[in-house]
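A short worksheet on the structure shown next.
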Amino acid sequence: MGFRAKKDINMYVCGPTVYNYAHIGNMRTYILGDLITRFLEYKGYNVKYVRNYTDVDDKTIKGSIESGKSLEEFTNFYIKEFEKDCALLNLNEPDVKPRPTKLIKEIVEFIEDLIKDGYAYKAKDGSTYFDISKFVNYGKLNNIKQKELKKGGSGRVNLDEYEKDNASDFVLWKAWKEEDGKVFWNTSLGKGRPGWHIECSVMCYKYLGKTVDIHVGGEDLKFPHHENEIAQSEAHNKVRFTNYWVHGGMLTVDGKKMSKRYGNIYTIKEVLEKGYNPIALKLYYFMSNYRSSMDFSFDELKETELKLNGLNKTIKRLVGYHGPKGGVEEYKKKIKIYLKDIEKVMDNDFNTRLAMTYLLDMFSYINLNITEGKLSTGNVKFTLQTLKKLDTVFGIFQFPEMPTKLILKKVKKRQWYRAKKNYVMADKMRDQLKDYLVEDHKNGAFSVYKI
Ligand SMILES: [Zn+2]
């Protein structure tokens, strides 16, 4: 009785290709991945969370050669920068952050298995391809019918990314070409390097097993990347690859697709340099549904930051709240209802948009009760516990230190002098509290907190 074994969930997020700084659109996906693990942990699940770094592909090789650095030096730099961004956004660390360059042996073995089972073949150009005609379910994620596709052998793509119209046999192992420079491995598949898609299939298999419960990625990865991951993994593992696909919607900036041409690609560092709190970006994203595409503007980010500041101010007022004993019974009930409402909408496909609506309502209610001086010590404690619990999911609040006993004594003395109309002494007390703000509420309650 009372004991319930934690259910394990495994989750894979297609991580960044580390050839550049991640932009705010990329980060929307990683914020989503983080949110899902946090919410599932909150619900009592045990989540194993893997998010990879793509450190070898067309773009990383090109970038490393252009910068005159080795592939490892080049990608290490962007991995570090990415992790700084994640810290600024208060994202939890994944359990595993694999890199394909460290898993070449596993990748080659996986491809060898596919060849053995007839799903892959080595072509005249020296590269190894996946034969999509052999995998009858090819196209199932994107609703593309086999007959609409070019049959294996007639069409082949050697690029990591391509359009649906070009769906054809895709590359698993790329034979070395001059433009690859020093990037190659000598293996049983020949001198070359892995393609992009095979990397994720192998990393899922190695760290999470044959089936992934939840697989997350931006909507732009649905084709060809995820379609190819399914083909490779199901051909190899002989069981369903992913139970739930979660695709994050796209982000436009000022009504336009992010592109160099419009100069509207922003990184987290730029958000910071422009004077914004990156955490406000999280709240901003949570205010729409993750599946919807969303338009970003700095004006709206500013508005959201003001909202976030308001929430954190309420927490300050709460932490530094002192009031008469008593409190209202229905207050606790109401807070519990808000919490249940938030959980309910989060249970329904992580509906953060509605969750944030309830959250903001809840904060208005808390603020009102502070101003009215209606909270008991128990009410305050309960509210803070609830908010801390919720913040394990959203990771957006700031909880300040409690004011010290000495500070409280000074505030109380000041009130006492004021009640006695001894304003000289009351002002003296206030001067001693100059780093603090004392807010007087109704009912003789007050909040004291650092300015
Ligand atoms: Zn992937």
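The values are calculated or read from the model by the stated rules, or taken from the named source; none is laboratory data. Note that this is a predicted model, so its numbers are computed, not measured. Note that each Cβ is placed from the backbone with ideal geometry, even for glycine, and that neighbours are counted across all protein chains shown. Protein only, heavy atoms only, side chains kept; ligands, DNA and RNA dropped before computing areas. Shrake-Rupley method; radii C 1.70, N 1.55, O 1.52, S 1.80 Å.
Tell me, yes or no, whether the stretch 244-255 has at least one residue that is over 25 Å from residue 22 (Cβ atoms) and out of contact with any His (no Cβ under 9 Å at 6 or more places or on another chain).
The initial filter retains those residues of the stretch 244-255 that are over 25 Å from residue 22 (Cβ atoms), namely none.
No: zero hits.
Residue check: is residue 378 among the small types (Gly, Ala, Ser) and crowded, with 18+ Cβ neighbours inside 10 Å? Break it down into steps so the answer makes sense when it comes.
Working: among the small types (Gly, Ala, Ser): yes; crowded, with 18+ Cβ neighbours inside 10 Å: no.
So residue 378 fails the test.
Rundown of residues vs (1) open to solvent by 50 Å² or more (accessible area, probe 1.4 Å); (2) modelled with pLDDT under 95; (3) in contact with a helix residue (DSSP H, G or I) (Cβ under 9 Å, 6 or more places away or on another chain), yes/no style:
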{"residue": "276", "(1), (2), (3)": "no, no, yes"}
{"residue": "306", "(1), (2), (3)": "yes, no, yes"}
{"residue": "318", "(1), (2), (3)": "no, no, yes"}
{"residue": "325", "(1), (2), (3)": "yes, yes, yes"}
{"residue": "333", "(1), (2), (3)": "yes, no, no"}
{"residue": "358", "(1), (2), (3)": "yes, no, yes"}
{"residue": "370", "(1), (2), (3)": "no, no, yes"}
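Got a number for residues in the stretch 198-223 being buried (at least 24 other Cβ atoms within 10 Å of the Cβ) and in contact with an Asp or Glu (Cβ under 9 Å, 6 or more places away or on another chain)? Break it down into steps so the answer makes sense when it comes.
Step one: filter the stretch 198-223 for residues buried (at least 24 other Cβ atoms within 10 Å of the Cβ), giving 198-204, 212, 215-216.
Going one step further and asking which of them are in contact with an Asp or Glu (Cβ under 9 Å, 6 or more places away or on another chain), we end up with 198-204, 215.
So the count comes out to 8.
Candidates in the stretch 141-153 are the residues that are part of a loop (DSSP other than H, G, I, E, B) and at pLDDT below 90; of these, the one that is surrounded by the fewest Cβ atoms within 10 Å (Cβ to Cβ) is 143.
Select, from 71, 32, the only residue that is more than 16 Å from the ligand (Cβ to nearest atom) and modelled with pLDDT of 95 or more. Going through 71, 32 in turn, the sole match is 71. Filtered by the rule that a residue be under 16 Å from residue 330 (Cβ atoms) and under 32 Å from the mean Cα position of the chain (by Cα), the stretch 365-378 gives 365, 366.
Any residue in the stretch 24-41 that is among the polar types (S, T, N, Q) and not in a helix (DSSP H, G or I)? The answer is no, given that none of the residues of the stretch 24-41 is among the polar types (S, T, N, Q) and not in a helix (DSSP H, G or I).
Restricting to the stretch 403-425, name every residue that is in contact with a helix residue (DSSP H, G or I) (Cβ under 6 Å, 6 or more places away or on another chain) and at pLDDT 90 or above.
Within the stretch 403-425, 410, 413, 414, 417, 425 qualify.
Screening the stretch 182-299 for strands (runs of 3 or more DSSP E) wholly inside it with 3 or more residues that are β-branched (Val, Ile, Thr) and within 16 Å of the ligand (Cβ to nearest atom) returns the ranges 212-218.
Considering the stretch 291-318, and only residues there that are hydrophobic (A, V, I, L, M, F, W, C) and in contact with a Leu (Cβ under 7 Å, 6 or more places away or on another chain), the residue that is nearest to residue 351 (Cα to Cα) turns out to be 294.
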